[in-house]
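Read the structure below first, then the notes.
The values are calculated or read from the model by the stated rules, or taken from the named source; none is laboratory data. On a predicted model such as this, the values are computed, not experimentally measured, just so you know. Please note: Cβ atoms are built from the backbone with ideal geometry, for glycine as well, and neighbour counts cover all protein chains shown. Note: areas computed on protein heavy atoms with side chains; ligands, DNA, RNA excluded. Shrake-Rupley method; radii C 1.70, N 1.55, O 1.52, S 1.80 Å.
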Amino acid sequence: MTSSASLALVSVLSLASGSLAAQPSAPDPARVATTIYVGMGEFATPLDPFDGSTSVRVPLLGASLQFGGGRRLRLGVSAGAGALPGGTAGGSTSSGIYGEAAALWLLTPETRSWGVFVGPSVAYTRFGVGRTGFGGAISAGARRGIGPRLTVRTHAMSGDDSHVTTRVELGLLLSR
């Protein structure tokens, strides 16, 4: 290698290392982020003898927690309840509870205060009968601080007939 080529290589490496050191580092993600949400969900229920339905669509109220599992990975739990005001016409189960655990991966750049998370999850619901399921979640919105977050969760549930449970949640994220 010639001396001018060596000097050029050293200059490029010096500039590159200096520019890397000058870049601000991404803010650390919040260790725990809490989301309080309202939404709508469709859940599997026992067969209603009056109208033949095997599911109920109810308004939801719940909360979720996300724990840091690394720069991009978050582990989350969610729980809540849903009920139809006044019940259903046939008297079938119109209220219940649910819970979920998920591993979510941040798809967007880490430097932004908002982001999109996606990942697998397992769920438990109890609307007349307990069911478990496996599916996924996608969540978009604020990553830290205070801000809105929209989450969609869907699961294939256990039981005699196959049924998919879906929840749409509009929440307010609260974190440091």
Next on the checklist: Going through Leu73, Leu47 one at a time, which residue ends up being under 23 Å from Tyr124 (Cα atoms), open to solvent by 50 Å² or more (accessible area, probe 1.4 Å), out of contact with any strand residue (DSSP E or B) (no Cβ under 8 Å at 6 or more places or on another chain) and not basic (Lys, Arg)?
Outcome noted: Leu47
Checklist entry - Pairs under 7 Å by beta carbon, first residue under 14 Å from Gly130 (Cα atoms) in the range 148-168, partner in a loop (DSSP other than H, G, I, E, B) and open to solvent by 50 Å² or more (accessible area, probe 1.4 Å), six or more apart or different chains? => result Ala156/Ser162
Next on the checklist: Anything in the range 79-95 that is touching a Gly at 6+ places or on another chain (Cβ under 6 Å) and either modelled with pLDDT of 95 or more or under 22 Å from Gly136 (Cα atoms) (or both)? List them, or say none.
Outcome noted: Ala79, Gly80, Gly82
Checklist entry - Are any residues in the range 35-63 within 18 Å of Val168 (Cα to Cα) and of a type in the set (D, E, K, R), and if so, which ones? => result Glu42, Arg57
Next on the checklist: Every residue in the range 90-141 that is within 16 Å of Gly69 (Cα to Cα), assigned to a strand (DSSP E or B) and either among the charged types (D, E, K, R) or in contact with a helix residue (DSSP H, G or I) (Cβ under 7 Å, 6 or more places away or on another chain) (or both), please.
Outcome noted: none
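If you go through the range 2-44, how many residues are under 24 Å from Pro148 (Cβ atoms), modelled with pLDDT under 70 and either among the charged types (D, E, K, R) or loosely packed, with under 11 Cβ neighbours inside 10 Å (or both)?
1
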Item to check | Of all residues making up the range 50-64, the number that are open to solvent by less than 60 Å² (accessible area, probe 1.4 Å) and of a type outside the set (S, T, N, Q) | outcome: 7
Checklist entry - Quick one: which of Ala102, Ala156, Ala137, Ala123 is surrounded by fewer than 20 Cβ atoms within 10 Å (Cβ to Cβ) and small (Gly, Ala, Ser)? => result Ala156
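Being modelled with pLDDT under 95 and either under 16 Å from Leu60 (Cβ atoms) or not in a strand (DSSP E or B) (or both): is that true of Arg149 here? Don't jump to the end; show me each part of the working.
Working: modelled with pLDDT under 95: no; either under 16 Å from Leu60 (Cβ atoms) or not in a strand (DSSP E or B) (or both): yes.
Here the answer is no, as Arg149 does not meet what is asked.
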